[in-house]
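Student: Have a look at this one before I ask anything.
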Amino acid sequence: MQRALCSKFVARIAPAILPVLALGASLMPGSAAAQVIPGRVVSASSMNQSRYDFVLRTFDESGNEVASDDWFEERTILVEQGGTQRCTRTMASWRENAGAPVQTSDQTRCDLVPENEFNTVMEVITGTYRQTEESPPGVVSSSAEETRSGSATFTLIAEFPTVPAGMRVSQVRVRPGFIGLTRPTDWMFPGSDLTQTGPPVSDPTYVSNCPNGLVTDNAEWLYPGSLVDANGRIEIGFAADPSCIQDVTWVEEDASWRSTVELNQRIADLTGQFTIEAELEPEPEADNAPPDCSAALAQPDRLWPPSGRFAKVAVTGVVDPDGDPVTVGVTEIRQDEPVLARGTRRSCPDAKLSEAGAARVRAERSGRGNGRVYVLSFSATDPSGDSCTGEVRVCVPHDARGSCVEDAMLHDSTRCGSRPHPRPHPHRGK
Ligand SMILES: [Ca+2]
Ligand SMILES: [Ca+2]
Ligand SMILES: [Ca+2]
């Protein structure tokens with residue numbers, strides 16, 4: 001029974017003796033291939049969670065189970081660091097025996113550390129701790145099994161305060177440079193508790209897949225620049241896998257009994273130095289859609305009566321898919337009757353066009369014709385300089401209820417006695 005209690009003690013204090021290793025936020029010079037700026041670590045935090053479930057079963061000399069007991073312990077260690085302070089909060093809950101009340105503790109300790117230096121530990125412990133005792137005849141024996149499970153997560157916030165205007169972060173490179181299994185190999189025996197209270201303990205045998213007890217992960221992690229927010233900050237988080245496995249076995253024994261402990265523990269102390277840098281690229285020019293002239297109309301599109309006076313005509317219905325303001329200017333005004341047409345007062349010109357493209361047309365048509373059609377060519381431009389062109393039509397009908405037939409020959413309305421323009425594709429008008 002005493003052996004089991006000793007083992008419980010070891011299991012319970014193991015998470016509390018975390019080594020504290022430097023996690024420096026060093027900066028790397030930029031590469032020649034792309035413009036690179038260093039990142040500054042704003043804060044870092046790690047959370048290690050572990051749970052220990054222990055079952056102790058007691059047997060009589062006949063091998064019948066006569067009692068069982070269990071307990072558990074959960075522990076969360078949160079290390080948060082920012083600026084010059086690192087705080088470690090340790091929260092634990094446990095129950096010593098089956099049916100006993102659950103106890104809790106919550107302790108926070110803060111230390112001052114040099115700015116931009118980070119010290120944290122990532123630890124994952126998983127495994128099964130088995131202990132059996134072989135007792136002399138007539139003495140009860142016991143077996144104990146403890147299951148350990150754990151996880152570790154890490155969150156890092158970095159910022160890039162010097163992104164030049166006109167540039168943006170294309171991708172963020174993080175080189176974690178983690179080191180695994182930096183824990184001293186004798187960490188399982190703090191303060192020689194076992195030797196104080198128990199029998200001699202054999203030297204533990206470690207079988208590790210980590211060469212020289214160290215594993216360095218030089219992988220380069222890439223994150224898209226889109227993760228960098230408007231304040232130039234990026235938050236990176238990850239969960240740790242046990243990167244190193246070590247099997248530990250040892251034997252405890254004295255004259256009266258023998259106990260074998262097998263612990264297959266997986267520990268990943270993820271610690272080391274970060275380098276964080278951002279690759280830059282020019283801000284892409286915003287995609288711009290040109291204005292859409294397809295739904296343009298003259299306003300008004302019909303003049304009555306044919307008074308011979310000028311009327312303002314505007315072009316409406318031009319839209320910009322981006323919602324940009326659009327500047328519309330009339331560039332040419334033609335008509336399908338001669339400017340000095342028979343059946344009119346032989347006035348000229350029949351339209352006026354300002355330099356800015358504002359149009360006025362004369363409310364006039366030939367009394368011998370089929371209605372006059374003015375064709376106003378225009379262009380529309382958005383602030384990016386993209387444009388569209390189109391035509392709108394104004395009808396001056398022969399009579400109040402009539403419509404216009406657009407004839408093939410068009411004349412420049414802004415000139416007197418202009419020669420007609422040939423029109424290859426006559427339109428049917430109003
Ligand atoms: Ca536009
Ligand atoms: Ca005229
Ligand atoms: Ca006509």
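The values are calculated or read from the model by the stated rules, or taken from the named source; none is laboratory data. Everything quoted here is computed from the prediction, not taken from an experiment. Don't worry about glycine lacking a Cβ; one is built from the backbone with ideal geometry, like all the others, and counts go over all protein chains shown.
Student: Within the bounds of segment 333-342, is there any residue that is within 16 Å of ligand 3 (Cβ to nearest atom), more than 15 Å from Thr389 (Cβ to Cβ) and either β-branched (Val, Ile, Thr) or surrounded by fewer than 15 Cβ atoms within 10 Å (Cβ to Cβ) (or both)?
Tutor: The answer is yes; a qualifying residue exists.
Student: Are there any pairs with C-beta distances below 7 angstrom linking a residue in segment 35-55 that is outside any strand (DSSP E or B) to a residue that is not acidic (Asp, Glu), with the two at least 6 apart or on different chains, and if so which?
Tutor: Note: pairs meeting the criteria are Gln35/Leu280; Gly39/Ala158; Gly39/Phe160; Gly39/Ile276; Gly39/Ala278.
Student: Count, please, the residues in segment 283-293 that happen to be in contact with a strand residue (DSSP E or B) (Cβ under 7 Å, 6 or more places away or on another chain) and either closer than 25 Å to Val228 by Cβ or loosely packed, with under 10 Cβ neighbours inside 10 Å (or both).
Tutor: Counting residues in segment 283-293 that are in contact with a strand residue (DSSP E or B) (Cβ under 7 Å, 6 or more places away or on another chain) and either closer than 25 Å to Val228 by Cβ or loosely packed, with under 10 Cβ neighbours inside 10 Å (or both) gives 1.
Student: So the check is Cβ under 6 Å with 6+ separation or different chains; which pairs have a first residue in segment 321-348 that's within 30 Å of Pro383 (Cβ to Cβ) and in the same structural domain as Ala311 (by TED's automatic domain parsing) and a second one that's among the hydrophobic types (A, V, I, L, M, F, W, C) and within 16 Å of ligand 1 (Cβ to nearest atom)?
Tutor: Partner pairs satisfying both residue conditions: Pro321/Ala289; Asp322/Ala289; Val326/Val318; Val326/Ala380; Val328/Val318; Val328/Ala380.
Student: Next question. Output the residue which, of all residues in segment 387-400 that are outside any strand (DSSP E or B) and surrounded by fewer than 16 Cβ atoms within 10 Å (Cβ to Cβ), is farthest from ligand 2 (Cβ to nearest atom).
Tutor: Ranking the candidates gives Ala400 first.
Here's the yes/no breakdown for (1) within 16 Å of ligand 1 (Cβ to nearest atom); (2) β-branched (Val, Ile, Thr):
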position: Val328; (1), (2): yes, yes
position: Cys348; (1), (2): no, no
position: Ser354; (1), (2): no, no
position: Arg365; (1), (2): no, no
position: Asp382; (1), (2): yes, no
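Student: Within segment 371-380, which residues are surrounded by fewer than 20 Cβ atoms within 10 Å (Cβ to Cβ) and either free of Cβ contacts under 8 Å to residues at least 40 places away in the same chain or within 16 Å of ligand 1 (Cβ to nearest atom) (or both)?
Tutor: Passing the criteria: only Ser379.
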